1. Report whether or not Ala75 is assigned by TED's automatic domain parsing to the domain that holds Gln132, closer than 24 Å to Ile178 by Cβ, aliphatic (A, V, I, L, M) and out of contact with any helix residue (DSSP H, G or I) (no Cβ under 8 Å at 6 or more places or on another chain).
2. If Tyr20 satisfies every condition in (1) out of contact with any helix residue (DSSP H, G or I) (no Cβ under 6 Å at 6 or more places or on another chain); (2) modelled with pLDDT of 95 or more; (3) of a type outside the set (A, V, I, L, M, F, W, C) but one, which is the exception?
3. Looking only at residues that are closer than 30 Å to Ser194 by Cβ and among the polar types (S, T, N, Q) in the stretch 220-254, which one is nearest to the chain's Cα centre (by Cα)?
4. State whether the residues of the stretch 182-205 include one that is within 20 Å of the chain's Cα centre (by Cα), in the same structural domain as Ala44 (by TED's automatic domain parsing) and surrounded by fewer than 12 Cβ atoms within 10 Å (Cβ to Cβ).
5. Within the stretch 217-236, identify whether any single residue is more than 30 Å from Glu98 (Cα to Cα), assigned by TED's automatic domain parsing to the domain that holds Ala28 and charged (D, E, K, R), and answer yes or no.
6. In the stretch 154-166, what count of residues is obtained for those that are buried (at least 24 other Cβ atoms within 10 Å of the Cβ) and either at pLDDT below 95 or in a helix (DSSP H, G or I) (or both)?
7. Being hydroxyl-bearing (Ser, Thr, Tyr) and either over 27 Å from Val71 (Cβ atoms) or in a loop (DSSP other than H, G, I, E, B) (or both) is the filter here; which residues of the stretch 223-281 pass it?
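The values are calculated or read from the model by the stated rules, or taken from the named source; none is laboratory data. From a predicted model like this one, the values you see are computed outputs, not experimental measurements. All Cβ positions, glycine included, derive from the backbone under ideal geometry; neighbour counts span all protein chains shown.
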Amino acid sequence: MRTLRTLLDAGRIVAAPGVYDALSALIAEQSGFGALYLTGNGQASSMIGMPDVGLITLTEMADRVRAIRAVTTAALIADADVGYGSLLNVRRAVRELESAGASAIQIEDQASPKKCGHEPGRVVVAISDMAQRLKAACEGRQNPKTLIIARTDSRTTMGLAEAITRGNAYAEAGADIIFVESPESEEELRTVASSVRAPTLANMVETGRTPYLSAASLESMGFAVAIYPASGFLAATYAVRDVMAQIKRFGRVEDMARLASLADYHAVLGFDRYAALEASLSHARG
């Protein structure tokens, strides 16, 4: 099993696509990614069909991490929102997600209830309150290789200077990686990477508030991690809606080129491997 710390030690930017269930995680890992980002937004939409407004519980998120860990060896970054409650809850969240198989856990400085990071109206807690969250998170981890990612949502309402001040304060409080949400230009991204005194993470959301750049461009700026949290569920939304419209209009899918074959689907899941295992077990019983 890979860890985010091991990948970072290789000295190259870590690109982590967002995954929202075990199938999307399998596809991402088979596409060559060594780290996966378990987006809270994607879990909310795929699990309960609701928006990213802090509705997912710790137990639900831990169950998703556990299910994905069971079928992948990639480093898993788990989005823990604001920590699910009190400081004791933050501590427990880190232990639960770490035990489920996460190698990095993200905590943000929004007030509860939280909002999606590219939406207006986000309210953040005081720096001292977030520092307490991070200290509780660090105390909760049991594996020294588990990383704590601190996200600040202060840029949109309080400005870039405040976001950088918070990033450095969160690093001093024990965070291993700093995630400044929603810089609004390439120059702001460069400033984040050069001004925060810790490894930094860039969030690349298609059609979001931040310029959409390649991992290579972000690496040249100095970022350590690039996440692409929405790519998978945006693609799935478009594709499923498209084929449902075809079935509704034509009574079947007309454009078969838009579908994976059943053989391709079985290959992703390792169907042949399970069939062979079942056969060997049956033979052993005989």
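1. Details: assigned by TED's automatic domain parsing to the domain that holds Gln132: yes; closer than 24 Å to Ile178 by Cβ: yes; aliphatic (A, V, I, L, M): yes; out of contact with any helix residue (DSSP H, G or I) (no Cβ under 8 Å at 6 or more places or on another chain): no.
In short, no.
2. (1)
3. Of everything passing the filter in the stretch 220-254, Ser231 is nearest to the chain's Cα centre (by Cα).
4. Checking the stretch 182-205: not a single residue is within 20 Å of the chain's Cα centre (by Cα), in the same structural domain as Ala44 (by TED's automatic domain parsing) and surrounded by fewer than 12 Cβ atoms within 10 Å (Cβ to Cβ).
5. Checking the stretch 217-236: not a single residue is more than 30 Å from Glu98 (Cα to Cα), assigned by TED's automatic domain parsing to the domain that holds Ala28 and charged (D, E, K, R).
6. Keep residues of the stretch 154-166 that are buried (at least 24 other Cβ atoms within 10 Å of the Cβ), which gives 154-155, 163, 166.
Subset that is either at pLDDT below 95 or in a helix (DSSP H, G or I) (or both): 155, 163, 166.
Qualifying residue count, the stretch 154-166: 3.
7. Scanning the stretch 223-281 gives a single hit, Ser261.
Yes or no, residue by residue, for (1) more than 28 Å from Gly34 (Cα to Cα); (2) of a type outside the set (Lys, Arg):
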site	(1), (2)
Arg151	no, no
Met158	yes, yes
Ala169	yes, yes
Ser220	no, yes
Ala226	no, yes
Thr237	no, yes
